[in-house]
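**Student:** Can you read through this structure? Questions will come right after.
The values are calculated or read from the model by the stated rules, or taken from the named source; none is laboratory data. Just so you know, these numbers come straight off a predicted model, no measurement behind them. For neighbour counting, all protein chains shown are included, and Cβ atoms are generated from backbone atoms with ideal geometry for every residue, glycine included. What goes into the accessible areas is simple: the full protein's heavy atoms, side chains included, and nothing from ligands, DNA or RNA. Shrake-Rupley method; radii C 1.70, N 1.55, O 1.52, S 1.80 Å.
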Amino acid sequence: MYGGRILVAIGAFLAVALAHNVSIVTDAPLNREVLNLLVWVLVFSVIIFAGVTGALLYTIVRFRRRPGDDALPPQFRENARVEFSLTLIPLIIVLVLFVLTAQALVKINRPIAGALGVEVTARQFWWDFVLTEEGLRLSNELVIPVGRPVEVKLTSADVIHSFWIPSLAGKTDAIPGQTTYNRFMATKPGNYYGYCAELCGASHANMRFRVIALEPTEYQRFVDAYRAYQAPEPKTERARRGQEVFQARCAACHAVKGTAATGVLGPDLSIFGNRLTLASGVVENTRENLIRWIKDPTSMKPAAQMPAFPDLSDADLEALADYLESLKLEGFDFRTLPRF
Ligand code: CUA
């Protein structure tokens, strides 16, 4: 009885997992190559499973011991035909998979002419993105156009990480001192989840990012606006106080375009007000989360390298939040994008 339930549970899990995966990867051209490989492997696995189980069941039923049948069954060693086929069939399967894999790898790893260049630096525990041509820095939330291939040039500033956007691209390791490449293309606008896929420390699981894919015209509008962007002057007294606090306490590590803050040790905060998440994709960008984060980052993200600021008064924290939320490209709201 329990066996049946366990089988049903496993079946349901596989069905959900498969449906989910298939629905999220089929739109991304380079990911489709990998999906095709998965289908081939599954087909062969099913054939092998059916063959082995069928042969086993047949043998058990056909050659079972019957009442009164006490004779010794035929005894023999070696069967050249069986041994030959048991060697040949797996060899053929492996060769077919090898050729298919090699073809897929060639397609996936081929440089793409006209691709959008993005430099990615992985760090404990966040991601720095630079749109190479445009010279724009977008930490933790990468904005790309739909329908144009993206070529990611990847490296790490500390330990080995791995860049992974399940709905768009396979994993690629980010290795200190080396450059690796990952290519992908989004076919529909959306907010795509990205992850670090290599154990890199206490907050490996909290090292996430987003890819915001926009229609090409909307992307161009974003790039033009961000290029021309200079952080707006604080409009309220409290935001002005927030800017002072920021310059005194945050600017050594964080940059804000058009101000004296040019730090590069931490994420770029130029358009913090447009960000969907905080702490590299870990929580929604809300005031409550922001204040909690500034007060004590490691309470939300173990081993986060940003220092805690327990000495900031509540008034200063609110002022800082006002200032950060005012850093915004007007006319862009990524919150309504579908999530993948
Ligand atoms: Cu970075 Cu795991």
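**Student:** Could you give every pair whose Cβ atoms fall below 7 Å, whose first residue belongs to segment 191-214 and is over 20 Å from Trp293 (Cβ atoms), and whose second residue is more than 8 Å from the ligand (Cβ to nearest atom) and acidic (Asp, Glu), counting only separations of at least 6 or pairs across chains?
**Tutor:** Glu198/Asp173; Ile212/Glu141
**Student:** Any idea which residue in segment 201-217 is farthest from Leu116 (Cα to Cα), counting only those that are open to solvent by 10 Å² or more (accessible area, probe 1.4 Å) and within 16 Å of the ligand (Cβ to nearest atom)?
**Tutor:** Ala202
**Student:** When segment 108-127 is examined, which residues are found to be surrounded by fewer than 21 Cβ atoms within 10 Å (Cβ to Cβ), within 16 Å of the ligand (Cβ to nearest atom) and either in a strand (DSSP E or B) or among the small types (Gly, Ala, Ser) (or both)?
**Tutor:** Across segment 108-127, the qualifying residue is only Thr121.
**Student:** When you look at Gln220, is it part of a loop (DSSP other than H, G, I, E, B), touching a residue at least 12 places away in the same chain (Cβ under 8 Å) and open to solvent by 70 Å² or more (accessible area, probe 1.4 Å), yes or no?
**Tutor:** No; evaluated as a whole, the condition is false for this residue.
Residue by residue, here is whether (1) surrounded by 10 or more Cβ atoms within 10 Å (Cβ to Cβ); (2) among the aliphatic types (A, V, I, L, M) holds:
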{"residue": "Phe76", "(1), (2)": "no, no"}
{"residue": "Ile93", "(1), (2)": "yes, yes"}
{"residue": "Thr101", "(1), (2)": "yes, no"}
{"residue": "Val106", "(1), (2)": "yes, yes"}
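**Student:** Just need a number here: residues in segment 178-192 that are within 16 Å of the ligand (Cβ to nearest atom) and open to solvent by 60 Å² or more (accessible area, probe 1.4 Å).
**Tutor:** Within segment 178-192, residues that are within 16 Å of the ligand (Cβ to nearest atom) and open to solvent by 60 Å² or more (accessible area, probe 1.4 Å) number 1.
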